[in-house]
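The values are calculated or read from the model by the stated rules, or taken from the named source; none is laboratory data. Bear in mind that the values here come from a model prediction, so they are computed numbers and not experimental data. Here Cβ is always computed from backbone atoms with ideal geometry, including for glycine, and neighbour counts include all displayed protein chains.
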Amino acid sequence: MTEKELLNKIIEGDRKAFTGFYDKFQSQVFRTAIGYFHNHYDAEEVVQDVFVEVHRSASKFDNKSSLSTWLYRITVNKSIDKLRFQKSVKRFSFLSSIFSDEENRFREDIPDSTNHGIQADNKESEKIIHQAMNRLPETQRTAFVLTQVEDLSGKEAAEIMKTTSKAVESLIQRAKANLRKELGKIYDNRRK
Amino acid sequence: MKMKNEKEIWVENMIRHASKPSSTSNAQESVLNKIYNVLDKAENGNNIISFKQFKLAGLVAMLILALNIGIIGFTMIQKNNKIENTTTYGLNTYNLDLY
């Protein structure tokens, strides 16, 4: 079955096709989301948002790019939307805490606790990385996640980000430099 | 060759760790059920807003109300200032007339 046929079946409401699509692509979406959030909870929320969006806008897929590229784009957009939302929630946390219940409270700083194999050291590292990554501009963060976490080529990342390979290379260099700077600061603070 | 110090090694390890998150590469099975729940709600035309959306709407309404109160308050102060100015000017004129 071609990608277009698969999407057509999803548009027609074929649940089996949708489940097959989910099984095929959920790990790709999850990995990308983990690259942004470094915790299970937020990554799963992104997976949910992405596949709901796929179901809603399957008819809009124009075949100009591959299905995987289209899915990466949706994942990147949903992750950035969520990051922006989390930042705005953090900004108004004093207000939202009045309305928010314990379950829905902001979880940005909570590292993955549902993953049984992860050791305490890993959790601490994830927290530190998340803190440093949060300081990166969105484009640098996206270039870093796509090329370093997802192991995509500069060309593939450029297609997803709708930019040039050169621009992606530059973004990765700047992302790494900024990460080194931020991690250096964190290291110094921990030693104080 | 320059030896890397402890800080540089730590930073490089962290960057390597950032490239290879330690979490598993799969979402839990329950995520698919959640997706179907959302899709079912949409297909059944269930447009009842969630509690989360309700709270957000309440927050926005409060902000708009606060903004309106601020604008009205500011306008009233401005008006009062104008009235006071006019009165002072009027009195002065009246006094001048007396002389």
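A:GLU156 passes every criterion in (1) facing chain B (nearest Cβ under 10 Å); (2) assigned to a helix (DSSP H, G or I) apart from (1). Here A:LYS24, A:LYS82 are screened, and the one residue that is in a helix (DSSP H, G or I), surrounded by 15 or more Cβ atoms within 10 Å (Cβ to Cβ) and of a type in the set (Lys, Arg) is A:LYS82.
Taking the stated definitions as given, is A:THR32 within 11 Å of chain B (Cβ to nearest Cβ) and in a helix (DSSP H, G or I)? When the stated conditions are applied, A:THR32 passes them. Residues that are of a type in the set (S, T, N, Q) and exposed (fewer than 10 other Cβ atoms within 10 Å of the Cβ) were ranked within segment B:47-77; the one that is modelled with the lowest pLDDT is B:ASN47. When residues in segment A:11-21 are screened for being surrounded by fewer than 21 Cβ atoms within 10 Å (Cβ to Cβ) and in a helix (DSSP H, G or I), 6 of them pass.
A:SER68 meets each of the listed conditions (1) farther than 24 Å from B:GLN53 by Cα; (2) buried (at least 18 other Cβ atoms within 10 Å of the Cβ); (3) more than 12 Å from chain B (Cβ to nearest Cβ); (4) within 21 Å of the chain's Cα centre (by Cα) apart from (2). Taking each residue of segment A:30-46 that is at positive phi and looking for partners that are assigned to a helix (DSSP H, G or I) and charged (D, E, K, R) with beta-carbon atoms closer than 6 Å, six or more apart or interchain, yields A:HIS38/A:GLU126. Look at A:VAL47 and say whether it is at pLDDT 90 or above and facing chain B (nearest Cβ under 8 Å). Here the answer is yes, as A:VAL47 does meet what is asked. Within the bounds of segment B:26-40, is there any residue that is touching a Ser or Thr at 6+ places or on another chain (Cβ under 6 Å), assigned to a loop (DSSP other than H, G, I, E, B), surrounded by 12 or more Cβ atoms within 10 Å (Cβ to Cβ) and modelled with pLDDT under 85? Among the residues of segment B:26-40, at least one is touching a Ser or Thr at 6+ places or on another chain (Cβ under 6 Å), assigned to a loop (DSSP other than H, G, I, E, B), surrounded by 12 or more Cβ atoms within 10 Å (Cβ to Cβ) and modelled with pLDDT under 85, which makes the answer yes.
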